[in-house]
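These notes concern the structure reproduced below.
The values are calculated or read from the model by the stated rules, or taken from the named source; none is laboratory data. Just so it is clear, the structure is predicted and the values come from calculations on it, not from any experiment. Neighbour counts are summed over all protein chains in view; Cβ atoms, including those assigned to glycine, are modelled from backbone coordinates with ideal geometry.
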Amino acid sequence: MLKGISHYERSHRPWAAFLDDEARAETDPQWLRKKKWHGVISRHTTPALVKDCAELKLPLVDLNDISPYPGVPKIRPDNVGLGHRGAEHFIERGYRNYGFCGFLNEGWSRERRDGFVEGLTLTGHTCNVFDVEYPGDVTPVWDAKQTALIGAWLRRLPKPVAIMACGDLRALQVIGAAQNAGLLVPEEVAVLGANNDTIRCDLAYPPLSSIATNAFQSGYRAAELLDTLIRGGKPESLDIRIEPVGVVERHSTDILAIDDKNVAAALSFIRENACRGITVEQVLKHAFASRSQLEKKFRRCLGRSPQTEIRRVQIAKIRQLLIETNFPLKKIAELSGFEYVEYMCVVFKRLIGESPGSFRKKNQIKTGLKTDRDPA
């Protein structure tokens, strides 16, 4: 969000912006009145802040994903659309059993749940919902209780099952509960989070797939709207919704709903080892099938060969690294299982239709992650 705000500022008009990272406006009622401000963008808006800005006649733009305050323009994620994206992600993978795990007392969670359920219903599927009251603070005791309750819920669901959680923290609880219950993730329980907290997702085991909200665009639109308000303009809407960027695929959903045990075993091995430069012969040893048998089963279940599946996983890793990091291409080749960076570039362009450099530039600009230096 801050990057989006600064991008608007750099490209439109110079602002002297102050980042209140110590929440002084919230803890000190007089702080906001000690300096002449022209406008406020707030991520954690409170009734007191709304009251103070109204009294001081300060334009206020609210970025908090809760119910709007009367007369205060709000910018937040399109949570229903985010739920739709989750449903589409799992439907494309052939799942027939679905669940949603969220918080009953949080509006944003209910919106994401409703979007997920609606997306499934429109395609003839049903969804099993597990919602609880969120206490506002995750204590060890509450977390342990949730692990037990979610685990019991997961054991009752038919397998394989696809679970969307309202957010990444909730998704991590689902993964932990599944593992404690002796269920394999993603082979038996595929788990999808939301918000794409990159560090948290990558530290999970297996790494967590998540729907990325467009925080950069939210920040940019907030700055644009504040600029309009400062100049005396009126907002077109008091509740602006920002579409999600899409699903960032990691291992927690990187599998199709497959009943064939040989194919499932092969997919599990490929998912874990494709980026180490494995061969089909190595896959055969873990799938307990001959090459001709596995080729036929892959064609029947997936419509592609084991070698194509290895490449698909490698390309997905390359795409992720190009978008989320500024690693040089040589480093990306190493991390995705290619011995030669030139060969990686040829394969990527043949399968994606553009060079890694072009793909990185286009997607990092879209998500606001581009830096001044684009290493080759």
Just checking, does the stretch 237-244 include any residue being under 28 Å from Ala162 (Cβ atoms), crowded, with 21+ Cβ neighbours inside 10 Å and out of contact with any Pro (no Cβ under 6 Å at 6 or more places or on another chain)?
yes
Note down all Cβ pairs under 7 Å where the first residue falls in the stretch 158-179 and is in the same structural domain as Leu203 (by TED's automatic domain parsing) and closer than 21 Å to Val141 by Cβ, the second is assigned to a helix (DSSP H, G or I) and among the aliphatic types (A, V, I, L, M), and they're at least six residues apart or on different chains.
Ala165/Ala171; Ala165/Val174; Gln173/Ile150; Val174/Ile150; Ala177/Ile150; Ala177/Leu154; Ala178/Leu154
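Residues are listed down the side, and each one gets a yes or a no for (1) among the aromatic types (Phe, Trp, Tyr); (2) outside the structural domain of Ala190 (by TED's automatic domain parsing); (3) closer than 21 Å to Arg250 by Cα; (4) at pLDDT 90 or above:
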residue: Glu272; (1), (2), (3), (4): no, yes, yes, no
residue: Ala289; (1), (2), (3), (4): no, yes, no, yes
residue: Ser292; (1), (2), (3), (4): no, yes, no, yes
residue: Arg311; (1), (2), (3), (4): no, yes, yes, yes
residue: Glu342; (1), (2), (3), (4): no, yes, no, yes
residue: Arg360; (1), (2), (3), (4): no, yes, yes, yes
residue: Asn363; (1), (2), (3), (4): no, yes, yes, no
Kindly evaluate Arg93 against the criterion of being surrounded by fewer than 19 Cβ atoms within 10 Å (Cβ to Cβ), touching a residue at least 40 places away in the same chain (Cβ under 8 Å) and either touching a Pro at 6+ places or on another chain (Cβ under 9 Å) or more than 19 Å from Asp20 (Cβ to Cβ) (or both).
yes
Condition broken by Asp131, with the remaining ones in (1) of a type in the set (D, E, K, R); (2) modelled with pLDDT under 95; (3) in contact with a Gly (Cβ under 9 Å, 6 or more places away or on another chain) satisfied:
(2)
Identify, from the list Arg96, Arg13, the residue that is in a loop (DSSP other than H, G, I, E, B), assigned by TED's automatic domain parsing to the domain that holds Leu225 and among the basic types (Lys, Arg).
Arg13
Qualifying helices (runs of 4 or more DSSP H) (wholly inside the stretch 305-363; at least 3 residues being charged (D, E, K, R) and either touching a His at 6+ places or on another chain (Cβ under 6 Å) or closer than 23 Å to Asp202 by Cβ (or both))
306-324, 329-335
Quick check on the stretch 140-150. Is at least one of its residues of a type in the set (Lys, Arg) and buried (at least 23 other Cβ atoms within 10 Å of the Cβ)?
no
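Applying the selection to the stretch 120-131, what residues are more than 22 Å from the chain's Cα centre (by Cα) and not polar (S, T, N, Q)?
Selection gives Leu122, Gly124, His125.
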Enumeration of residues in the stretch 33-45 that are at pLDDT below 90 and surrounded by 12 or more Cβ atoms within 10 Å (Cβ to Cβ):
Arg33, His44
